[in-house]
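Have a look at the structure below before the remarks.
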Amino acid sequence: MPITVDIDVMLAKRKMSVGELADRVGITPANLAVLKNGRAKAVRFATLAALCEVLSCQPGDLLRWEAGDAEGAEAG
């Protein structure tokens, strides 16, 4: 998938655990793990906003598009 999720980078910068983030955002640790590991097919704007609020960051700090992956997917 051409979208990379960098939640783990922000967690390390904020010295926060996955469990703490999940509690503060209001989602289960399992659902946060799905998102964090790039296995989610979608993310609600409300969840993205809550992640940004708790981590004091912008959506672009958590999500990034990688062109190389998109080109590979189109060729396959």
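The values are calculated or read from the model by the stated rules, or taken from the named source; none is laboratory data. Owing to the predicted nature of the structure, the values given are computational and were not obtained by experimental measurement. Ideal geometry is used to build each Cβ from the backbone, glycine not excepted, and the neighbour counts take in all protein chains shown. Just the protein is used for accessible areas: all its heavy atoms, side chains included, with ligands, DNA and RNA removed. Shrake-Rupley method; radii C 1.70, N 1.55, O 1.52, S 1.80 Å.
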List the residues whose amide H sits under 5 Å from the amide H of residue 63, counting only those 5 or more places along or on another chain, with H placed 1.01 Å from N in the peptide plane.
6
How much solvent-accessible surface does residue 53 expose, in Å² to the nearest 10, with a 1.4 Å probe and all protein chains in place?
150
Accessible surface of the chain, 1.4 Å probe, proportion on carbon and sulfur as whole %
54
What does the chain give for Rg and for Dmax, in Å, if only its C-alpha atoms count?
13.0, 41
What relative contact order, as a whole-number percentage, does the chain give when Cα pairs under 8 Å and 6 or more residues apart are counted?
51
Given the -39500 (n - 2.57) contribution per DSSP H run of 4+ residues, what per-residue ellipticity at 222 nm results for the chain, rounded to the nearest 500 deg cm²/dmol?
-17000 deg cm²/dmol
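Could you give the size of the charge dipole of the chain about its Cα centre, using +1 on the Cβ of each K and R and -1 on the Cβ of each D and E, expressed in debye and rounded to the nearest 20?
300
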Residue (of 38, 63, 10) at the positive-pole extreme of the chain, dipole from beta-carbon charges:
10
